[in-house]
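A.B. asks: Sharing a structure here in structure tokens format.
The values are calculated or read from the model by the stated rules, or taken from the named source; none is laboratory data. What you see is a predicted model; the values in this text were computed from it and never measured. All Cβ positions, glycine included, derive from the backbone under ideal geometry; neighbour counts span all protein chains shown.
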Amino acid sequence: MKISFTKMHGLGNDFILIDARGKRPVKGLPAIMRKVSPRRTAIGFDQALVLRDSESGDFAMDIYNGDGSKVEMCGNGIRCLAAYIWKRGLSRKKTLAIETMAGIIRPEKVKGWKDKGLVRVDMGLPVFEGRDIPVSMEGPVRDVPLKVHGRTLNVTCLSMGNPHCVIFVDDVDNFDIAKYGPVLERHVFFPRRVNVEFVEVLSKRRLKMRVWERGAGETFACGTGASASGVAARCKGFTERRVTVLLKGGPLQIEWSEGEHVFMSGPTEEVYSGVVEV
């Protein structure tokens, strides 16, 4: 079987996009993702985005990690999906309604769209209730100590449509993410695993972040992770409501509005299109 795809990325967080509109569902997608995701022997990507028809939105998006697991939301991914739609004239709407496992998410064109592919996304309301994130405790999860490799790390957790664990550190560049990330991802405290953000506060308006993504490992950028980090930093009084989050792949703009919705803005880029035999 041959599958057509488009390779895209948002700040180095890379994807293949499979346009499945009007087509029968592809069987065995988790196994296919595991086959084509390795970077040395196949296409290579962090996540796969499947564009589908939707009855409740303009379009629908399914998201698969490279390990085949299906996830609720991806901030960089939905920006790339929206860019794909607009560049091909599939919709003339300035703001789209995209059906996801996290509900309807609304990306919109903003100033800079034509030059840099800038897309702004209403990420919705952050969720702080522990059981809804989910974690194995009730109530808000702020500075909860978890012991990992003999070290106690204070975690602040929330959901941005998917679960996040934010840890503030003094020197994020030299923090051993490869050591702590995979253990935290699968820690018993997180019943559905978790995305882990390691964050250094640079100022009231700037954060530096590295991320260990559930099912993908360390990636160059994570839109939901940057959103979660901006919210967590504000909750702890470290920053203002609008911050720039510096990631390996570049900056994302995060705003936690007075209306409590979180908005994330950043660039998109299309790399190439191809066909893979699976």
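A.B. asks: Being surrounded by fewer than 24 Cβ atoms within 10 Å (Cβ to Cβ) and either under 18 Å from Lys111 (Cα atoms) or not small (Gly, Ala, Ser) (or both): is that true of Val278 here?
C.D. replies: Working: surrounded by fewer than 24 Cβ atoms within 10 Å (Cβ to Cβ): yes; either under 18 Å from Lys111 (Cα atoms) or not small (Gly, Ala, Ser) (or both): yes.
Considered against the rule, which asks whether it is surrounded by fewer than 24 Cβ atoms within 10 Å (Cβ to Cβ) and either under 18 Å from Lys111 (Cα atoms) or not small (Gly, Ala, Ser) (or both), Val278 comes out as yes.
A.B. asks: Among (1) touching a residue at least 40 places away in the same chain (Cβ under 8 Å); (2) touching a His at 6+ places or on another chain (Cβ under 8 Å); (3) of a type in the set (S, T, N, Q), there is one condition Asn195 misses while meeting the rest; what is its number?
C.D. replies: (1)
A.B. asks: Output the residues belonging to segment 141-162 that are closer than 15 Å to Phe198 by Cα and crowded, with 24+ Cβ neighbours inside 10 Å.
C.D. replies: Across segment 141-162, the qualifying residues are Val155, Thr156, Cys157, Leu158.
A.B. asks: Do you know which of the residues in segment 248-278 that are touching a Lys or Arg at 6+ places or on another chain (Cβ under 8 Å), outside any strand (DSSP E or B) and not charged (D, E, K, R) is nearest to Trp86 (Cα to Cα)? Write out each step before concluding.
C.D. replies: First, pick out the residues of segment 248-278 that are touching a Lys or Arg at 6+ places or on another chain (Cβ under 8 Å): 248, 253-258, 263-268, 270-278.
Retained after the next criterion (residues that are outside any strand (DSSP E or B)): 248, 257-258, 267-268, 278.
The next check asks that each one be not charged (D, E, K, R); those that pass are 257, 267-268, 278.
Details: Ser257: 26, Pro267: 14, Thr268: 12, Val278: 28 Å.
Applying the filter and picking the extreme gives Thr268.
A.B. asks: Then there is this: So if I check each of Arg205, Arg151, Arg142, which one is over 21 Å from Ser69 (Cα atoms), touching a residue at least 60 places away in the same chain (Cβ under 8 Å) and not assigned by TED's automatic domain parsing to the domain that holds Ser37?
C.D. replies: On the way: Arg205 fails: touching a residue at least 60 places away in the same chain (Cβ under 8 Å); Arg151 fails: touching a residue at least 60 places away in the same chain (Cβ under 8 Å).
Matching residue, one of Arg205, Arg151, Arg142: Arg142.
A.B. asks: Right, another one. Looking at segment 62-77, is at least one residue over 28 Å from Leu158 (Cβ atoms), in contact with a helix residue (DSSP H, G or I) (Cβ under 8 Å, 6 or more places away or on another chain) and assigned by TED's automatic domain parsing to the domain that holds Thr100?
C.D. replies: Taking segment 62-77 as the starting set, the residues that turn out to be over 28 Å from Leu158 (Cβ atoms) are none.
No, segment 62-77 contains no residue that is over 28 Å from Leu158 (Cβ atoms), in contact with a helix residue (DSSP H, G or I) (Cβ under 8 Å, 6 or more places away or on another chain) and assigned by TED's automatic domain parsing to the domain that holds Thr100.
A.B. asks: May I ask you to list the residues in segment 213-232 that are farther than 18 Å from Gly161 by Cβ and without any contact (Cβ under 8 Å) to a residue 40 or more places away in the chain?
C.D. replies: Start the filter on segment 213-232 by keeping residues that are farther than 18 Å from Gly161 by Cβ, which leaves 217-218, 220.
Correct list: Gly217 only.
A.B. asks: Against the definition (surrounded by fewer than 22 Cβ atoms within 10 Å (Cβ to Cβ), outside any loop (DSSP other than H, G, I, E, B) and in contact (Cβ under 8 Å) with a residue 12 or more places away in the chain), how does Ile16 come out, yes or no? Outline the logic, then answer.
C.D. replies: On the way: surrounded by fewer than 22 Cβ atoms within 10 Å (Cβ to Cβ): no; outside any loop (DSSP other than H, G, I, E, B): yes; in contact (Cβ under 8 Å) with a residue 12 or more places away in the chain: yes.
So Ile16 does not fit the description; no.
A.B. asks: Moving on. Suppose we filter segment 41-56 for residues that are in contact (Cβ under 8 Å) with a residue 60 or more places away in the chain and under 8 Å from Phe15 (Cα atoms); how many remain? Even if it seems obvious, please write down each step before you answer.
C.D. replies: At the first step, the residues of segment 41-56 found to be in contact (Cβ under 8 Å) with a residue 60 or more places away in the chain are 42-43, 46-47.
Now drop any that are not under 8 Å from Phe15 (Cα atoms), which leaves 46-47.
Total meeting the criteria: 2.
A.B. asks: When you scan segment 163-184, do you find a residue that is part of a loop (DSSP other than H, G, I, E, B), surrounded by 15 or more Cβ atoms within 10 Å (Cβ to Cβ), touching a residue at least 24 places away in the same chain (Cβ under 8 Å) and assigned by TED's automatic domain parsing to the domain that holds Pro251, even just one? I'd like the intermediate steps shown before the answer.
C.D. replies: Going through segment 163-184, the residues part of a loop (DSSP other than H, G, I, E, B) turn out to be 169-171, 175-176.
From the residues that got through so far, the ones that are surrounded by 15 or more Cβ atoms within 10 Å (Cβ to Cβ) too are 169, 175.
Narrowing further to those that are touching a residue at least 24 places away in the same chain (Cβ under 8 Å): 169, 175.
Remaining after also requiring assigned by TED's automatic domain parsing to the domain that holds Pro251: 169, 175.
Yes, there is a match, as at least one residue in segment 163-184 is part of a loop (DSSP other than H, G, I, E, B), surrounded by 15 or more Cβ atoms within 10 Å (Cβ to Cβ), touching a residue at least 24 places away in the same chain (Cβ under 8 Å) and assigned by TED's automatic domain parsing to the domain that holds Pro251.
A.B. asks: Would a scan of segment 206-226 turn up a residue that is of a type in the set (Ser, Thr, Tyr), surrounded by 14 or more Cβ atoms within 10 Å (Cβ to Cβ) and under 20 Å from Met264 (Cβ atoms)? Spell out how you get there, then give the answer.
C.D. replies: Narrowing segment 206-226 to residues of a type in the set (Ser, Thr, Tyr): 219, 224.
Checking the rest, the ones that are also surrounded by 14 or more Cβ atoms within 10 Å (Cβ to Cβ) come to 219, 224.
If we keep only those that are under 20 Å from Met264 (Cβ atoms) as well, we get 219, 224.
Yes, because at least one residue in segment 206-226 is of a type in the set (Ser, Thr, Tyr), surrounded by 14 or more Cβ atoms within 10 Å (Cβ to Cβ) and under 20 Å from Met264 (Cβ atoms).
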